1. Does B:Ser209 fit the bill of being among the hydroxyl-bearing types (Ser, Thr, Tyr), more than 14 Å from every other protein chain (Cβ to nearest Cβ) and either within 16 Å of B:Ile388 (Cα to Cα) or touching a Phe, Trp or Tyr at 6+ places or on another chain (Cβ under 6 Å) (or both)?
2. Taking the condition of a type in the set (Val, Ile, Thr) and under 14 Å from the mean Cα position of the chain (by Cα), does A:Thr47 pass?
3. So A:Pro28 passes all but one of these: (1) over 12 Å from the mean Cα position of the chain (by Cα); (2) facing another protein chain (nearest Cβ under 10 Å). Which condition number does it fail?
4. Checking B:Ala325 against (1) farther than 24 Å from B:Leu196 by Cα; (2) of a type outside the set (Lys, Arg); (3) part of a loop (DSSP other than H, G, I, E, B), only one condition comes out false. Which one?
5. Kindly state which strands (runs of 3 or more DSSP E) lie completely within region B:209-292 and contain at least 1 residues that are surrounded by fewer than 24 Cβ atoms within 10 Å (Cβ to Cβ) and without any contact (Cβ under 8 Å) to a residue 12 or more places away in the chain.
6. Looking only at region A:44-65, decide whether some residue is in contact with a strand residue (DSSP E or B) (Cβ under 8 Å, 6 or more places away or on another chain) and modelled with pLDDT under 95.
7. Could you run through region B:149-183 and say how many residues are facing chain A (nearest Cβ under 7 Å) and part of a helix (DSSP H, G or I)?
Amino acid sequence: MTGRGTVFSYTVVHQVYHPGFADAVPYPVVIVELEEGVRMLSNLVDTSLADITVGMAVEVVFDKITPEVTLPRFRPTSP
Amino acid sequence: MEFRKGATAIAGLGVTAQGKVYHARALGYAVEAIEAALADAGLNRSDVDGVLLNPGLSWRDGGMGSLHLQQAMGLTDLRLSATMNLGGATAIAMIQHAALAIAAGLCSTVACVFSDALLAPPRAPAARRNDGAGGSGARYAFASGLDAAYGHIGMNARYAMVARRHMHRYGTTNDHFGAVAVAQRQWANRNPAAQLHDTPLTLDDYHRSRWIIEPFHLFDCCLVSNGGVAVIVTSAERARALRRPPVYLWGTAQGHPGGDPLETLRTGAVLTRESAFRMAGLTTSDIDFCQLYDCYTLTVLMTLEDYGFCEAGGGGPFAASGATAPGGTLPTNTGGGQLSSFYMWGMTPVSEAIIQLRGDGGDRQLQKNEIGLVSGNGGLLSTHSTLILSRLAS
């Protein structure tokens, strides 16, 4: 898989629903439609909240959170 | 007896105190609501031979709640009992189930009830108190697996994703969502029983209210309430012999579309608009008012579209035109709804329809009050039910 796709939908979370995200709000949650046609839930990184649009082109980045856990996230594709 | 338009009726309505009430738990509010509904109808516990329960999230052993409810009320010799859960579509589904059972001769007098008690008093022990994290409905902030890892938590998050797609596909804006919130608050300001009766809301107030999960502001999201609501369903003939003017069932249907609501952007109303209206012998032009499930402002817009009151995607401009507000052509959620009155899942719109049809609306009473349309919605636009009620027998 190429790891590239577009934003299918997104939200920006302002409410703290779990203490683990207390320092993260406001943060974006996105559903990315990958080039291959599959959709997946993730976060957007390296972007200001105001720049997020449905349809924007994104590419995957792998966030190595712990030695055991890596989460795929997405950033805007460089033009 | 045939299950047809006008064969059954709602003979009693019971609504407990709503909102930040703490004198009972969910079972207690259910008992209170049924007792109030029986008193309203002029009936006794011994008259009840059917109990249907839709348990809110706070019910212990909610899976068999109707058994506990029967025992709590000391009811004997029931012919019908069920604990049902389609989320917010259950209230109407219970009424439909009761009406079918009555028409089939299984039973004669069925209590249908919803109750919940998620809110804990401010000075409750920490274990019971729902603190700031999660807002007033911590039990709705469920999360698991990868969704939780990405901070995608609870129902607000899921509906917000659908809302963004609606905005993208149809050009719906926050002004449109705000129009729904403002219109319903206007209705609530005329309803002394509404939780937000004393608080007006302008479109500016709506926009300035804090973000919950964009595109939802605080006032895009429904209240959370402790309390209970019950109705008594009987045959039309029996209802006519009782204390209050009967509210007749003219049409009812369920519709659960499946698929991905992010793709389809539709509710089950597209499935029921033909069947429920056919049973009632009506079209949408015959509807005097709507009581539509309003867990979010978005849900109202989509439901209006899916019933055909406006074209697909046209819900926003329709609401912004003032059509649903006091003085509008299609009064909607005339008690304030779940957004501004109280949140008893599907019983909120059911109760307001009954109040309007009986002429009990006080300052918010509609002059045209012959036929009302009620919707229920559950999950993520997963389940849906429709009820068409009238104060006329046929």
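The values are calculated or read from the model by the stated rules, or taken from the named source; none is laboratory data. Please read all numbers here as calculations on a predicted model, not as lab measurements. FYI the Cβ positions are ideal-geometry reconstructions off the backbone, even for glycines, and counts take in every protein chain you see.
1. Values: among the hydroxyl-bearing types (Ser, Thr, Tyr): yes; more than 14 Å from every other protein chain (Cβ to nearest Cβ): no; either within 16 Å of B:Ile388 (Cα to Cα) or touching a Phe, Trp or Tyr at 6+ places or on another chain (Cβ under 6 Å) (or both): yes.
It is false that B:Ser209 is among the hydroxyl-bearing types (Ser, Thr, Tyr), more than 14 Å from every other protein chain (Cβ to nearest Cβ) and either within 16 Å of B:Ile388 (Cα to Cα) or touching a Phe, Trp or Tyr at 6+ places or on another chain (Cβ under 6 Å) (or both).
2. Working: of a type in the set (Val, Ile, Thr): yes; under 14 Å from the mean Cα position of the chain (by Cα): yes.
So A:Thr47 passes the test.
3. (1)
4. Unmet condition: (1).
5. B:211-214
6. In the first step, residues of region A:44-65 are kept if they are in contact with a strand residue (DSSP E or B) (Cβ under 8 Å, 6 or more places away or on another chain); the result is A:44-47, A:49, A:51-65.
Next, from what is left, pick out any that are modelled with pLDDT under 95: A:65.
There is at least one residue in region A:44-65 that is in contact with a strand residue (DSSP E or B) (Cβ under 8 Å, 6 or more places away or on another chain) and modelled with pLDDT under 95.
7. Residues of region B:149-183 that are facing chain A (nearest Cβ under 7 Å), as a first pass: B:149-154, B:157, B:160-161, B:164-165, B:168.
Checking the rest, the ones that are also part of a helix (DSSP H, G or I) come to B:149, B:154, B:157, B:160-161, B:164-165, B:168.
Summing the residues that are facing chain A (nearest Cβ under 7 Å) and part of a helix (DSSP H, G or I) in region B:149-183 gives 8.
Residue-by-condition table, conditions (1) hydroxyl-bearing (Ser, Thr, Tyr); (2) buried (at least 19 other Cβ atoms within 10 Å of the Cβ):
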| site | (1), (2) |
| --- | --- |
| B:Gly322 | no, no |
| B:Ala325 | no, yes |
| B:Thr332 | yes, yes |
| B:Gln338 | no, yes |
| B:Glu352 | no, yes |
| B:Leu357 | no, yes |
| B:Gly378 | no, yes |
